[in-house]
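Student: Here you go, one structure.
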Amino acid sequence: MANASLTAIDGIRVGHWTNIDAGTGCTVVLCEQGAVAGVDVRGGAPATRETDLLRPGSLVGLAHAIVLSGGSAFGLDAATGVMRYLEERGVGYETAAGPVPIVSAASLYDLNIGRNERPNADAGYAACEAAGLTVAEGCVGAGTGATVAKLGGPEGALKSGIGTACMTLLDGTLVAALVAVNALGSVYDPNTGDPIALPRSEKTGWRFPFATTNTTIGVIATNARLDSLGVNRLASMGHDGMATAIRPSHTLYDGDTLFALSLPAPNAAHTDTLALDRAAAAVVAEAIVRGVQAATPMYGYPSAKA
């Protein structure tokens, strides 16, 4: 496959904004024509925006962009810049007063990394301007300040980042994912169970303040034709991949959140549900592993490869 990233799904562009000095960034997934969208929030400490309108039974049920950001709840401001970018281009849900861009977002906690700065509206706008079909992985965008394997305390954590993956089903349907990996838990190969990122410290009883500095967030997309129920199920099944690759996941100290998008290909049929479910879990797990393996040592944290 020439493009094995989220942008293999026609109609999606991805852009990063990265601030290395501040140890943070944001990533925007643009789907300006509008995509049927869903979400599943599993962690106990989420920072999210515009998630309720993606649930089955809502009036809108679509999104024009998804923002993944560092900066904890402060970083949700990046979505404001994405809305401004889309409004300037006439993109949005049609209302009597004009189009309203639907921009959902989730943020991870990286406030303890680098300078105390957070992605803002200008950062979100800049990520839109940088959006294209090439998706950089590692310590960029929302993955800039990401770390994993924190059960041994801060001295035992490893550097992580953002990763993407795509697979093709037997009928030609594409399923892809983009995940920023900032987990309390350790990371394992989903196929072999071998550890990829374990705590470097054997210390038990991790420090409570550091335990809250987590959250893995991502986007799943497919060119299968899904309705609101189907796309929300896709988001839910993606969490199976997260739980396979990250142990433990969905803890009280993680805000684990996955969005899902359906941008059907022309004449797309309803793809086998079981095949989609399995693919969603597989691409999320692979994207998590890639996000960890693409990371480089930064901010005093070694990479899993170091």
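The values are calculated or read from the model by the stated rules, or taken from the named source; none is laboratory data. Owing to the predicted nature of the structure, the values given are computational and were not obtained by experimental measurement. Methodologically, a virtual Cβ is constructed for each residue, glycine included, from the backbone with ideal geometry; neighbour enumeration extends over all protein chains shown. We work out accessible area using only protein heavy atoms, side chains counted, and drop any ligands, DNA or RNA first. Shrake-Rupley method; radii C 1.70, N 1.55, O 1.52, S 1.80 Å.
Student: Over the chain, with a single point scatterer placed on each C-alpha, what log10 of the ratio I(q)/I(0) does the Debye formula yield at q = 0.06, 0.09 1/Å?
Tutor: After summing over all Cα pairs, the log10 values are -0.16, -0.37.
Student: Keeping the other protein chains in place, figure out the carbon and sulfur percent of the accessible area of the stretch 30-156, with a 1.4 Å probe.
Tutor: Accessible surface attributable to carbon and sulfur in the stretch 30-156 totals 51 percent.
Student: Can you list residues whose amide H is under 5 Å from Asp254's amide H, if they're 5+ apart or on another chain and H is modeled 1.01 Å from N?
Tutor: Hits under the 5 Å cutoff: Gly44, Ala45.
Student: Let me ask something else. How many Å² of accessible area per residue for the chain, probe 1.4 Å?
Tutor: I get 38 Å² per residue for this part.
Student: Ignoring ligands, DNA and RNA, what percent of the 1.4 Å accessible area of the stretch 212-277 is carbon and sulfur?
Tutor: With neighbouring chains kept in place, the figure for the stretch 212-277 is 58 percent.
Student: From the Cα trace of the stretch 28-142, what convex hull volume per residue do you get, rounded to a whole Å³?
Tutor: Dividing the Cα hull volume of the stretch 28-142 by its residue count gives 113 Å³.
Student: Could I ask something else about it? When the chain is fully extended, how far beyond the present Cα-Cα distance does Ala73 get from Ala275, taking 0.36 nm per residue of separation?
Tutor: Roughly 69.2 nm would be gained on extension.
Student: At q = 0.14, 0.18, 0.24 Å⁻¹, what is the base-10 log of I(q)/I(0) for the stretch 123-172 according to the Debye formula with one equal point scatterer per Cα and no solvent? Please give it to two decimals.
Tutor: Listed by q, the Debye log ratios stand at -0.56, -0.74, -0.92.
Student: Using the alpha-carbon centroid of each, what span in Å lies between the stretch 87-122 and the stretch 145-187?
Tutor: The stretch 87-122 and the stretch 145-187 have Cα centres separated by 22 Å.
Student: Relative to the present Cα-Cα distance, how much length would full extension add between Leu169 and Glu88 at 0.36 nm per residue of separation?
Tutor: Extra length available between Leu169 and Glu88 comes to 25.4 nm.
Student: Let me ask another. Could you point to the residue in Val135, Gly193, Ala149 farthest towards the positive end of the stretch 123-200's charge dipole, with +1 and -1 charges on the Cβ of Lys/Arg and Asp/Glu respectively?
Tutor: Comparing the listed Cα positions along the dipole, Ala149 ranks first.
Student: Tell me, in nm to one decimal, what length is gained between Thr192 and Asn267 on full extension, where the rule is 0.36 nm per residue of separation less the Cα-Cα distance?
Tutor: 23.3 nm
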